[in-house]
Amino acid sequence: MTIALAWKILTHDKGRTLLALLGMFMAILLVFIQLGLFFAVPLGGMLLYDNMRFDLLLVSSHYEYQAQPGVFSLSQLAAARASPDVAEATPIYFGFAKWKGGVGGSWPDLFVIGIDPASGALTPDSIATQSDALARPDTMLVDSTTRPIFGSLATSRLVQIDDRNETIVGQYLLGTGFMGLGVALVDEANFARLFPRRGLGQVNLGAIRLKPGVNPDRAAADLQKTIGPGAQLFTRAKLAGRETSYWTTRTSVGLIFGSGLLISIVVGIMVVYQIVSTQVTRQLPQFATLKAIGYGDGALAVTVAAMSVMIAVAGFAPAVGAAVGLYGAIRQKTLLPVTMSAGHVAAVLAAALVMAAVSALLAVGGLRRADPADVF
Amino acid sequence: MAIAFSTLARRGGSRPVPLAWRSLTANKRRLLRSSAGIGFAVLLMLMQLGFEGAFFNASLQVLRALDADIVLQSTHKYQFATEDPIPTSVLASASAVAGVASARPLYADWFGLFWKDPDDGKVYLVRGFGFDPDKPVFLFPEINAGRALLKQQDTVLVDRRARRFLGMDRTGGQSELNGTKVAIVGNFALGPDFTSDGTVVMSAATFAAAMHGAAGNPPGMEAGLIKLSPGADRAMVLAALKKSVPAEIAVMTKAQLIEKERAFQADVSSAGPIFAIGTIVGFVVGMLISYQIIFTEVSDQLPQYATLKAIGYPTVYLLRVVLEQAALNGISGWVPAWLLSLGLYRLIGQIALLPMRMSVEISLVSLALTLSMCLISAAIAVGRVIRTDPAAVF
């Protein structure tokens, strides 16, 4: 009866209900945006790892996050490779160099990844298929999301990188994440040419792939003994937790989008409360009549709650659709990996229901004043 | 308040009745509800505007703190925080130009200085500035007060607003910079930006020693800071400097340098669009809330409006009353939201080390957005009053 009554009230005044849905829709959309951005930043930080094949990552014991990984010795990676558990171990080198061919005479900083392109440690197929071209001296692939300030990224363009003239031999698509405004990929020999003082003995990341059936946690514990001090091993799960906590707690990201999230939930509550309490006020005589004929406060409260929840659920569905579209637009505009996930949908649905519940609770206060004797 | 209230001339009485004000304050409960609803939407916009401002403040405040009229740097620099040294010899050429009072070196590095947290011994990348203690380059009084102390080799001033894991929030003690022991002889308040977590300021000699340790390179001068003689013509000195330094040296005023950096940050970062989306959504939500409020009020007062119409008040008058009431609703939401945002700016600024500052610009923009969202929704809601037929109401 109470649910049916809630439905009747909502469908009786269609204009007002439409307004309520619109308000709820916007509030939920707002929560989606803040949540999407909140998770996009750590996702941006995880971009390289999400495009890398590994079961265990060997890093320096000074490892901070992906762009500040520290170095360890190549011999430690070799020791890991010798383990019977390990199928492959690929060294990955990072370096910064000046791209002396930017727009307007600028020299933007280029993030250089040094890796054996045929190793398959990076997932984009375009890297492995272009490994022959990368084997020629002073050649590089550029990430196709490199910013316009770097000028043309066309194949066969010659660009001075630090003190060497490098030829662009192709592009690949992985994304620049927080590595920098532009990223290039070279093979190990060319990396050594580009950074002569550094050489190949000091490695930034070691991508270790285990043989089928080997448990990563157990292998990590075993390998830690083999590789000696100064380096450590992360499983994928442990690495993801570490990177996410870096971006959400060490930077202002967590607080900025966290507070945005909180305020958008409060605003959502305000919208629904505004609408439901107006309905309660307008239907006060009717509610008082119901009270007079014997319905308790509880039944009326359930009616109000049902109204709130109906508005929340009905506003939710279109908001999911709009959020998917808006995420695409934000991705396009900001290059941040704002993506919809089942987790987001579930979390926002929960938030919407909380908004509905709180605003119903606030509105029910008005109901108690529905004294049959007063109204008539 | 610049709103001229539409008033009912009291028949035979002396004082007019401010009708919009009266109907706004007639129901205190409702007023509280409406200002809370609009207020939170305004607060959302204020926070987004504040974050956007903080983003730019964070990247620009170190440039604003430079004690210079004109800055020399490499033409290849696309942003300030990138290594692109210029020869120190340009300072001599610049000093020779008429109207130049001083030309001072600023050494800087963003990717080669590692600071040890004195508390747990962990090592982090920091931003470092080096200068001649006899030739101040910063406007920070605390840095200038510490210049004498910096003359001692291996002493540093640290940024007490640096991210806390760096352990810079202290006045004394020791730490290490690229493995060299340094004494902390004072601090200043700058704060992190989106490249650097913290800042260390030291003498050019200490800077050179620390950089040798890391990369083996002699440190490069990143900028030459020029002060004009009193009465010198800025444009003329600027033109003369451009002629006297090599072509790969960019000569610009401090304001131009700041503008260049702002344009770069706006172009490459996502801060503008991200916070614009938040502000727009806040605006639309606010519009829905205020529509709801005004629609309800108009509906409830419909008999009264009809009465006014019946006794001869024109529709235009009723329109004005509704719009004024909408504007008052907006202001009653904006004022508490603005006050609350002052506290929130402070709190978040402290916790997140963000330079969140309430500015005249943010105040005016948010007020304009608030008034327009209320007036637009009132304009939509008011149709009902216009159509009011006195005969139908009774």
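The values are calculated or read from the model by the stated rules, or taken from the named source; none is laboratory data. This structure is a prediction, so every number in the text was calculated from the model and none was measured. Neighbour counts run over all protein chains shown; Cβ positions are idealised from the backbone, glycine included.
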Quick count over the stretch B:62-85, residues being in contact with an Asp or Glu (Cβ under 8 Å, 6 or more places away or on another chain) and of a type outside the set (Gly, Ala, Ser), is 12
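Filter the stretch B:52-109 down to residues that are hydroxyl-bearing (Ser, Thr, Tyr) and in contact (Cβ under 8 Å) with a residue 40 or more places away in the chain and give me whichever is surrounded by the fewest Cβ atoms within 10 Å (Cβ to Cβ).
Step by step, filter the stretch B:52-109, then rank; the result is B:THR88.
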Name the one entry in B:LYS122, B:LYS116 that is touching an Asp or Glu at 6+ places or on another chain (Cβ under 6 Å) and either closer than 25 Å to B:SER175 by Cα or touching a residue at least 24 places away in the same chain (Cβ under 8 Å) (or both).
-> B:LYS116
Options B:GLY333, B:GLY272; residue that is at pLDDT below 80 and within 14 Å of chain A (Cβ to nearest Cβ) | B:GLY272
Identify, please: which residue in the stretch B:283-339 is of a type in the set (Gly, Ala, Ser) and more than 18 Å from B:PRO18 (Cβ to Cβ) and is, among those, nearest to the chain's Cα centre (by Cα)?
-> B:ALA337
Within the stretch A:96-136, of all residues that are aliphatic (A, V, I, L, M) and assigned to a helix (DSSP H, G or I), the one surrounded by the fewest Cβ atoms within 10 Å (Cβ to Cβ) is A:VAL103
Since A:THR17 meets every condition but one in (1) closer than 25 Å to A:ALA350 by Cβ; (2) surrounded by fewer than 19 Cβ atoms within 10 Å (Cβ to Cβ), which condition does it not meet?
-> (2)
Note on the stretch B:56-93: residues in a loop (DSSP other than H, G, I, E, B) and within 11 Å of B:ALA250 (Cα to Cα) are B:THR75, B:HIS76, B:LYS77
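Residue by residue, here is whether (1) farther than 13 Å from A:GLY114 by Cβ; (2) within 24 Å of the chain's Cα centre (by Cα); (3) of a type outside the set (S, T, N, Q) holds:
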| position | (1), (2), (3) |
| --- | --- |
| A:ARG136 | yes, no, yes |
| A:VAL142 | yes, yes, yes |
| A:PHE150 | yes, no, yes |
| A:ARG157 | yes, no, yes |
| A:ASN165 | yes, no, no |
| A:VAL169 | yes, no, yes |
Which of the following residues is surrounded by fewer than 16 Cβ atoms within 10 Å (Cβ to Cβ), in the same structural domain as A:VAL183 (by TED's automatic domain parsing) and at pLDDT 95 or above: A:THR155, A:THR139, A:THR90?
-> A:THR155
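Table: residues versus (1) of a type in the set (Gly, Ala, Ser); (2) touching a residue at least 24 places away in the same chain (Cβ under 8 Å); (3) within 12 Å of another protein chain (Cβ to nearest Cβ).
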site: A:TYR93; (1), (2), (3): no, yes, no
site: A:ALA97; (1), (2), (3): yes, yes, yes
site: A:GLY101; (1), (2), (3): yes, yes, yes
site: A:GLY104; (1), (2), (3): yes, no, yes
Is there a residue in the stretch B:163-171 that is touching a residue at least 60 places away in the same chain (Cβ under 8 Å) and either in contact with a helix residue (DSSP H, G or I) (Cβ under 9 Å, 6 or more places away or on another chain) or within 12 Å of B:TRP115 (Cα to Cα) (or both)?
-> yes
Under the condition of being in contact with a strand residue (DSSP E or B) (Cβ under 7 Å, 6 or more places away or on another chain) and in a helix (DSSP H, G or I), which residue from the stretch A:36-80 is nearest to the other protein chains (Cβ to nearest Cβ)?
-> A:GLY45
For the stretch A:243-336, list the helices (runs of 4 or more DSSP H) that sit wholly inside it and hold at least 3 residues that are closer than 30 Å to B:THR195 by Cα and either within 14 Å of chain B (Cβ to nearest Cβ) or in contact (Cβ under 8 Å) with a residue 40 or more places away in the chain (or both); which are they?
-> A:253-282, A:297-334
